[in-house]
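Since every read-out is calculated from the coordinates, none of them should be taken as a lab result. A quick note: this is a predicted structure, and the numbers were derived from the prediction, not measured. Cβ placement follows ideal geometry from the backbone for every residue including glycine, while neighbour counts extend to all protein chains displayed.
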Amino acid sequence: MSDTAQAAAPAAPKIAPVPQPQPPALSPHGLKLAESIYRTYSVTVEAALPRDAILQPSFWANVAHKMRPLDRIEVMDAERNWLSVLFVRSVGTHQALVKELWRADLSPGPAADLTAEFEVIHRGPRKWSVKRLSDKAILSENMETREEAEGWLRSNLKALAA
């Protein structure tokens, strides 16, 4: 084809892009402080309580009157082995329907087998303690974590064995 033949050929039509619809802008009334919409509660439950018990509506019977829908509840066991964040879906006279939003396993895992003569235990307000099993004497207490108590026992095993 010659140069003049190419110039005479019609140009391909340009196709204009189809405009995409824009989502509507958020109303100024749509942005609110979370503190004005819901409250966040903190709950510590007994370590022996089955984790799924907190999801039962009747578990909240004694405190349901304090809650309202949309509230959040942070639940941790007394030994700090797990943490759950709950969402309050509805509240009745003696129950609250909750949904678990998030859960974390905070457990350090099985306690290190340091020795059969001592035990690392959680004692509620006295936190983590080291107990000698032979006479049930508490050798150290008020430690924040199991790991801290196990570390104390490891570093003092020679002195305790003497």
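What relative contact order, as a whole-number percentage, does the chain give when Cα pairs under 8 Å and 6 or more residues apart are counted? The normalised contact order for the chain reaches 13 percent.
[x] 58, 49, 34; [y] 40, 36, 29; [z] 108, 55, 25: which one is Cα extents along the principal axes in Å as calculated from this entry? Checking each listed value against the structure points to [z]. Each of Y41, L101, M67 was scored by the projection of its Cα onto the charge dipole of the chain, and the greatest displacement toward the positive side belongs to M67; charges sit on the C-beta of Lys, Arg, Asp and Glu. Estimated from the Cβ-Cβ distance and a Förster radius of 30 angstrom, the FRET efficiency linking H65 and W102 is about 0.75. Here the contact order of the stretch 47-110, divided by its residue count and restricted to Cα pairs under 8 Å and six or more residues apart, works out to 34 percent.
What is the antiparallel percent of DSSP beta bridges lying wholly in the chain, to the nearest 5? Show your work: numbers first, answer last.
Numbers: 23 of 29 bridges.
About 80 percent, rounded to the nearest 5.
Under a model in which nothing but the beta-carbon of Lys, Arg (+1) and Asp, Glu (-1) is charged, the stretch 23-140 shows a dipole of about 440 debye around its Cα centre. Compared with the direct C-alpha span, the chain from T44 to E148 gains 35.4 nm at full extension, assuming 0.36 nm per residue.
How large is the charge dipole for the stretch 37-105, taken about the Cα centre, if only the Cβ atoms of Lys, Arg (+1) and Asp, Glu (-1) carry charge, to the nearest 20 debye? Could the numbers behind the result be given before it?
Working: 9 positive and 8 negative charges, 74 e Å.
Using only the charged Cβ atoms, the result is roughly 360 debye.
Placing a label point 7 Å from the Cα of E141 along the Cα-to-Cβ line, the residues of the stretch 66-109 whose backbone N sits under 17 Å from it are 79.
Loop-located chymotrypsin sites (Phe, Trp or Tyr not before Pro) across the stretch 6-60 with a Cβ neighbour count of 10 or fewer within 10 Å are lacking, with loop assigned by DSSP. Comparing N156, H29, P10 along the charge dipole axis of the chain, the residue lying farthest to the positive side is H29, per the Cβ-charge model.
Under 22 Å of direct C-alpha separation, and excluding same-chain neighbours fewer than eight residues apart, K158 reaches these lysines: K131, K136. Calculated [222 nm] ellipticity per residue, helices only, for the chain: -4000 deg cm²/dmol; basis is -39500 (n - 2.57) per DSSP H run with n ≥ 4, divided by all residues, nearest 500. Note on E119 and M76: with the Förster distance fixed at 25 Å, the Cβ-Cβ geometry gives a FRET efficiency of about 0.65.
Site pair F87 and S134 shows an inter-label distance of 5.6 nm when each label is modelled 7 Å from Cα along Cα→Cβ.
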